[in-house]
Every structure is written in structure tokens, then in C-alpha cells.
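The values are calculated or read from the model by the stated rules, or taken from the named source; none is laboratory data. All figures in this text were calculated on a predicted structure; none of them were measured in a lab. All Cβ positions, glycine included, derive from the backbone under ideal geometry; neighbour counts span all protein chains shown.
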Amino acid sequence: MGLFKQTLLIGILGVFLTGCSEFALLMSGSSVAISQNTYAKVYNSIDVLTIIRTKKSIKGHAYDNTKKAWTRVKEGKGYIYNKTIDLFGNKH
């Protein structure tokens, strides 16, 4: 409990000694929210253009490409397994 009080005290002193008011703290938090909202708008705009051009969303493309890659990995594991069995024989 002593560490929590010490951390809280340092935080409160930091706010008062640096001259940050509640308004400044609130504004700094809202600027992060605004910038995230801007990124979301840009992503959604690009997503709409992608849907218009390809009939799939960005997430749809990512899902399909991931599924193809995972299928290739599984096929590669099967290929390696089969070649190993052919090389050393089936010793079950």
C-alpha cells in the first residue's frame, strides 16, 4: 500500500508543480481521441474505395490471404512429413 500512496503522491505533485490544470489534462486526452478518430475516418475511406474496386473489404482481403498462407503452410508440413516417411520408412 505504501508504493501506491507514493506513486499517487508523485503524480499529484507532478500535476501541480508543472502547472498543468485539469483543462489541459482533459484537452491532451481529447487530442488523442481526435487523432484516433481521424485515423478511423481515413481507414474507413480507404476501405470503401477497396470495396468499390474489388467487392471485398480490407479485412476480407487480409482474411483470404491469411487463409491461403495457412493452407500453404499445412501443405508444406504434409510434404515434409511425406518426404521424411519416404526417406526413413514407416516405423509405426
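Overview of results
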{"item": "Residues of region 64-92 satisfying the condition of being of a type in the set (Phe, Trp, Tyr) and modelled with pLDDT under 80", "result": "Tyr79, Tyr81, Phe88"}
{"item": "So Gly60, is it out of contact with any Lys or Arg (no Cβ under 7 Å at 6 or more places or on another chain) and modelled with pLDDT of 90 or more", "result": "yes"}
